[in-house]
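Just below is one structure, and these are the notes that go with it.
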Amino acid sequence: MLDTVPVVAAPRDFETVFRTAFEPMVRGLTVATGSRAVAEDCVQEAFSRAFVRWRRISGYDDPVAWVRHVAVNLVRDHHRREQRKRAAVDRLGARREDVVTPPEPADEPADERAGRLAELVAALPDQQRLAASLFYVEQLSVRETAAAMDLSDGAVKYHLHAARASLRRAWEERA
Amino acid sequence: MNDHDDLDDPGLAAALGALAPEAGGDPYPAAHRRFVRHRRRRRVAAAAAGVAGVAAVVTAFAVLGGNGTDVAGVRTVSPAGGPSTSVPAGPTASSSTSTTLSPSTTTPTSPSPTAGPDTPAGSATSTTTAVAPRDETVESAGGTVRVRVTPTSVSLLGSTPAAGYTADVRASGPEDVEVRFRAGSSGGTEHRIRLRIRSDGTLEREVT
């Protein structure tokens, strides 16, 4: 006779999924983008896309992974737009100090130590910053991080190692 | 978890987590309004796209479905429209019986025996008799021709050239229909289909 294994069903109700996943996702992407407002906007947009397709998406094995994947892509779009904006301004010959850009990170951390760490994170390459944010802040596994970033597990590990090494080295140099 | 064995760094996780403190409050009500707006915009966009698609299809039919329009090598002629249904007055029409008159045939001649009882005596007679036209397909080596035949007229419905041939419509009715199919450029093989209504109402076919 087969043993009965209790199965904890993943929440399929949209509101429950939203309430469970929204805040961790926003926190992770806040570190990745340096701005809670941008992170909230990306995550809300991802959820709103899920909302209109919820009948289909709720049938997926992990609907949250779909939403996270969309949100990560939106963050990448945001980065690309920002880079293009900066590049265009550079091409026009404007001096960087004349350019009005939102501070990065936009939300000034409370203490100086956190501020220095935020600067170091902002200086990381995009992939490393995103991987570190999802893995260390949102507490995803390597596999979940890889799924969200459309990368292999090995690539995610590489980015995480590189990010951690860069942060530690810079942190020790400053100390 | 194995994934975390060599990557775990609680200190770093805590420091990074401190950069993004948890926000208080319930984000769902505000977000829900955005979701509903998004869904409404999406529905409106889908409806607009549907209307535009239908309008495009209707326009395409209106443009391509007119009388005598060539579409992809097939010439179509409206079966009930144009001059193809008019019947010239003459001994053939006047001598024919009611079964030889096509729909909407006007014969400005003396009263015929088929005129209805309501027709005033001595006036020009307008007789409309329901005679079902028949469609026929005539084939040649160069292509096929579809025509609509009544006892007094023949009109071209469409011509379909065979592979390698082009159709040249010389006459589309009502007295005769002639279509020539040519292979290649000038000087190539030519096949001809010529159809004509005889005085006795039968269809004369000439296929070369």
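Values computed for the structure shown
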{"quantity": "Yes/no for B:P10 being more than 7 Å from every other protein chain (Cβ to nearest Cβ) and either surrounded by 15 or more Cβ atoms within 10 Å (Cβ to Cβ) or modelled with pLDDT under 85 (or both)", "calculated": "no"}
{"quantity": "Close pairs (7 angstrom Cβ cut-off, 6 or more residues apart or separate chains): within 7 Å of chain A (Cβ to nearest Cβ) in the range B:17-34, assigned to a loop (DSSP other than H, G, I, E, B) anywhere", "calculated": "B:L19/A:P109"}
{"quantity": "Some residue of the range B:49-67 being under 30 Å from A:V67 (Cα atoms) and modelled with pLDDT of 85 or more", "calculated": "yes"}
{"quantity": "Residues satisfying the stated conditions in the range A:136-154, i.e. more than 7 Å from every other protein chain (Cβ to nearest Cβ), surrounded by 16 or more Cβ atoms within 10 Å (Cβ to Cβ) and assigned to a helix (DSSP H, G or I)", "calculated": "A:E144, A:T145, A:A146, A:A147, A:A148, A:M149"}
{"quantity": "When residues of the range A:118-135 are limited to those that are closer than 19 Å to A:V67 by Cα and of a type in the set (A, V, I, L, M, F, W, C), the one farthest from the other protein chains (Cβ to nearest Cβ)", "calculated": "A:L130"}
{"quantity": "Flag if B:S95 is more than 14 Å from every other protein chain (Cβ to nearest Cβ), in contact with a helix residue (DSSP H, G or I) (Cβ under 8 Å, 6 or more places away or on another chain) and at pLDDT below 50", "calculated": "no"}
{"quantity": "Meets criteria (within 11 Å of A:A148 (Cβ to Cβ), more than 9 Å from chain B (Cβ to nearest Cβ) and either out of contact with any helix residue (DSSP H, G or I) (no Cβ under 6 Å at 6 or more places or on another chain) or hydrophobic (A, V, I, L, M, F, W, C) (or both)) for A:D41", "calculated": "no"}
{"quantity": "Residue count, the range A:12-55 (criterion: over 17 Å from the mean Cα position of the chain (by Cα) and polar (S, T, N, Q))", "calculated": "2"}
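The values are calculated or read from the model by the stated rules, or taken from the named source; none is laboratory data. Just so it is clear, the model here is predicted, and its values are computed rather than measured. Please note: Cβ atoms are built from the backbone with ideal geometry, for glycine as well, and neighbour counts cover all protein chains shown.
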